[in-house]
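Beneath this line is the structure, given in structure tokens, with notes to follow.
The values are calculated or read from the model by the stated rules, or taken from the named source; none is laboratory data. All figures in this text were calculated on a predicted structure; none of them were measured in a lab. Using ideal geometry, Cβ is built from the backbone for each residue, glycine included, and neighbour counts are taken over all protein chains shown. Protein only, heavy atoms only, side chains kept; ligands, DNA and RNA dropped before computing areas. Shrake-Rupley method; radii C 1.70, N 1.55, O 1.52, S 1.80 Å.
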Amino acid sequence: MTPRAQTLLDTRDLDEASTCVGASYCPHELTVTGHLVQFHAVQTEALLGEVAVHQLSYGSAVQVEPVPLGNWVLVSAPLRGALTIRSGRAERTLAVGDSVAIDSYRPFSLSWESGCRLQTIRLPRHLVQEAGESAGVAAGGAVRLGLGGPITPTAARSWQAVAALVRQEATEGGEFTRSPLLTAQLTRMLATALVGTYPVVDADEGGRPGNVLPRGLRRALELVEREPETDLSVAVLAAAASLSPRALQEGFRKHLDLTPTEFVRSVRMARAHEALAQADPHSGKNVAQIAYQWGFGNLGRFARDYQRRYGQLPSTTLRT
């Protein structure tokens, strides 16, 4: 068997590292928070069909501020050192032996300790969505994942077994790589194992007990995703969920680690980003018009929040 892993990145240049890693996942802002002299980014990749297995290290401590993943779902686990992930009010530090699944929609940031080496399996969103629908935890909506680890030790062992087979086939060029049919079957099995292992928070109440978002909260999420440009006050969302405003807020905190307002703002920011990226810079449309369209009345705050999330000013997105 011929090894198939390749080195995508081996550099001490911060901009080169940000560009290369961003191409593998999503655009992000990369900041060295440790000793700059220790910074040395190394990334490898092995492919199996639509699935990629990456290993990444930065040498020094770094802070990563990405945009939501969009097309990808990631399962990441430190092979050495520790990593902290934050999303809204939720924060979790992963050590060797821990793992986390990150969905396509969640805003998040990562703090790497010096010497951390991370292994990540990258799956296309459509595979995870199909697996969620087949397992009955999507119900026609988006499969959204919590930041918790595997829901049971048994589920964790099942995931590790499937993931190990995928890593072996991808890195060593095994028999599965010689058959498109076997490759497709293995990658679908990986996606099925993912939704059976990690906490799904967007699902029907008929899904797994203690691991799904209640139906009322799911209706509120779907309203935000479907009509983010409309008036989405807590009262409106509570009515859509058939809950009291207080119960809605408690539900968002318990299941999503966000307030309803933070979730609405996150979705609107993503839509504003899409509008800026797709706008013709010669059409006369400006940042203020797009910001106002998506409910951002304070342009200074909008620019600061946008730059923190997307790593550039909204005017830069509009011009490129």
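A compact table of results
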read-out	value
Condition met for Glu50 (over 28 Å from Tyr306 (Cα atoms), in contact (Cβ under 8 Å) with a residue 40 or more places away in the chain, of a type outside the set (A, V, I, L, M) and touching a helix residue (DSSP H, G or I) at 6+ places or on another chain (Cβ under 9 Å))	yes
Counted residues, the range 237-248 - those being over 22 Å from Leu145 (Cβ atoms) and either open to solvent by less than 20 Å² (accessible area, probe 1.4 Å) or not aliphatic (A, V, I, L, M) (or both)	5
Residue ID - surrounded by the fewest Cβ atoms within 10 Å (Cβ to Cβ), chosen from residues in the range 249-298 that are of a type in the set (Phe, Trp, Tyr) and within 18 Å of Thr230 (Cβ to Cβ)	Tyr292
Among residues of the range 299-320, those that are free of Cβ contacts under 8 Å to residues at least 40 places away in the same chain, open to solvent by less than 60 Å² (accessible area, probe 1.4 Å) and among the hydrophobic types (A, V, I, L, M, F, W, C), counted	2
Residue in the range 94-112 that is closer than 22 Å to Arg4 by Cβ and touching a strand residue (DSSP E or B) at 6+ places or on another chain (Cβ under 8 Å) present	no
Residues satisfying the stated conditions in the range 26-43, i.e. open to solvent by 30 Å² or more (accessible area, probe 1.4 Å) and either among the polar types (S, T, N, Q) or in a loop (DSSP other than H, G, I, E, B) (or both)	Pro27, Thr31, Thr33, Gly34, His35, Gln38, His40
Among the candidates Leu79, Leu47, Leu56, residue that is buried (at least 21 other Cβ atoms within 10 Å of the Cβ) and part of a strand (DSSP E or B)	Leu56
The range 218-237 residues that are without any contact (Cβ under 8 Å) to a residue 60 or more places away in the chain, paired with ones that are open to solvent by less than 20 Å² (accessible area, probe 1.4 Å) and among the small types (Gly, Ala, Ser) (beta carbon under 6 Å, 6 or more apart)	Arg219/Ala241; Ala220/Ala241; Leu237/Ala220
Strands (runs of 3 or more DSSP E) wholly inside the range 89-180 that include at least 3 residues being modelled with pLDDT of 95 or more, under 16 Å from Ser76 (Cβ atoms) and open to solvent by less than 20 Å² (accessible area, probe 1.4 Å)	117-124
Filtered residues of the range 46-61 (kept if at pLDDT 95 or above and not aliphatic (A, V, I, L, M))	His54, Gln55, Ser57, Tyr58, Gly59, Ser60
